[in-house]
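Written out below as structure tokens is the structure these notes cover.
Nothing in this text is a laboratory measurement; each read-out follows from the coordinates by a stated rule. Only a predicted model underlies this, so the values are computations on that prediction, with no experimental measurement involved. Glycine gets a Cβ as well: all are built from the backbone with ideal geometry, and neighbour counts include every protein chain shown.
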Amino acid sequence: MENFDKIYLQPLNILKGCNHLDGVSFENLKIYLRNEDKTLEKTIEVQGFDQYVQELPNHLKMQAQKAYNNLISPRLSMPLKSDRKITWDRPLIQGILNVTPDSFSDGGDFIDEKLALEQALSMIQKGADIIDIGGESTRPGAKPVMQEQELSRVIPLIKSLRNAGIVTPISIDSRNAKVMRKALEAGADIINDVSALSYDEASLNVAVAMGIPVILMHASASPLKMQTNPSYNNVLLDIYDYLENRVKTCLAAGVMQENIMIDVGIGFGKKLQHNLKLLSNMALFHSLGVPILLGASRKSFISEITQESNPKKRIAGSLCAAQIVLDQGVQALRVHDVGQTKQMIDVWNAIYNCK
């Protein structure tokens with residue numbers, strides 16, 4: 001084992017339930033050992049983990065113990081402004097609200113501020129825990145939007161929600177530091193960046209200076225180029241390494257661990273087989289020690305499987321993907337169809353005896 005550089009832990013046979021506060025409970029572990037040339041996989045019972053670790057070389061022993069501690073450690077509440085907070089005692093719903101003319105599913109539907117406000121209020125009434133507002137499409141092939149145009153789309157809506165007395169957390173879906181800062185000043189609570197705070201070099205400074213939670217997503221390239229033959233040595237471990245690096249970068253810069261979520265970026269520089277591999281092995285990412293958000297709603301991988309070309313008719317496929325990752329302990333779902341997702345979660349909770 002001395003020839004391997006890195007070890008990864010993926011919990012298997014997760015004991016399902018809605019309480020995510022106490023980390024992940026599981027019966028088995030899948031071990032990945034990796035170097036530049038090869039990857040070795042092995043499955044062990046949890047009871048045998050301590051003995052397995054003792055047989056590892058020191059550099060892998062330290063990695064394995066840290067990953068295991070991340071798996072079983074509580075997920076800390078995420079502090080927001082005005083003494084509010086997000087807790088992880090149940091799966092959360094982040095409702096998507098794109099105020100753009102060209103988003104892949106709802107482009108143009110809510111470009112009018114009044115309609116956007118009505119949609120936000122409707123999603124909150126149906127059970128959304130977070131409203132995610134975006135003013136720049138990041139669908140495959142999308143071109144960048146001028147920041148002033150992005151600001152003109154998102155800032156009035158955020159102000160309207162806060163002026164209406166809405167206290168539901170708002171995330172700003174942007175990769176531009178100026179937009180992030182202006183949105184936060186207008187009343188947003190969370191930064192949701194498809195580039196994991198790497199597109200705009202000032203964005204990390206905004207997050208640190210304002211003490212704001214961040215959602216770090218993986219994308220293999222810019223939206224314009226990300227679907228041009230994306231490839232990986234190992235899609236699970238490559239994306240894990242990327243997100244691990246971005247988490248470490250944020251922590252080193254001063255972002256608190258409880259202010260970090262991750263998103264593997266389904267459909268962002270991934271072929272069908274990449275997306276399916278990620279969805280069926282989402283539990284691997286728990287060993288990063290932060291909550292996981294999944295955004296698979298209405299995405300084109302569902303079309304590749306079902307031949308449903310209309311994104312608005314992919315609700316069943318979206319719910320299937322959501323249920324698969326809930327079974328793996330994922331803490332939050334980013335969705336277009338809030339009411340249907342809430343119903344699914346309520347039934348899921350009832351089956352697993354959650355209060």
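Taking other residues whose beta carbon is less than 12 angstrom from the beta carbon of ASP112, and scoring Lys, Arg as +1 and Asp, Glu as -1, yields -1. Entry note, the chain: the mean residue ellipticity at 222 nm calculated from DSSP H runs of n ≥ 4, each adding -39500 (n - 2.57), is -11500 deg cm²/dmol after division by the residues and rounding to the nearest 500. Looking at region 1-92, the GluC sites (Glu not before Pro) that sit in a DSSP loop and have at most 11 other Cβ atoms within 10 Å of their own Cβ are GLU2, GLU36, GLU55. Just checking the listed ones, ILE239, ILE172, ILE86: in the Gaussian network model of the chain with Cα springs under 10 Å, the one fluctuating most is ILE86.
Based on alpha carbons, the Rg and Dmax found for the chain are 19.8, 63 Å.
The loop-placed trypsin sites (Lys or Arg not before Pro) in region 40-126, going by DSSP, that have at most 13 neighbouring Cβ atoms within 10 Å of their Cβ come out as ARG84. Are any of the pairs LYS85/LYS270; LYS114/LYS270; LYS312/LYS342 more than 25 Å apart by Cα-Cα distance, and if so, which? Those over the limit are LYS85/LYS270; LYS114/LYS270. For region 6-72, the spherically averaged projection of the C-alpha convex hull amounts to 4.7 nm². The relative contact order of the chain comes to 18 percent, based on Cα pairs under 8 Å that sit 6 or more residues apart. Among MET261, MET78, MET210, the largest mean-square fluctuation in a Gaussian network model of the chain (Cα springs under 10 Å) belongs to MET210.
The simple spin-label model puts a point 7 Å past each Cα toward its Cβ; for LYS81 and ILE324 those points are separated by 3.8 nm.
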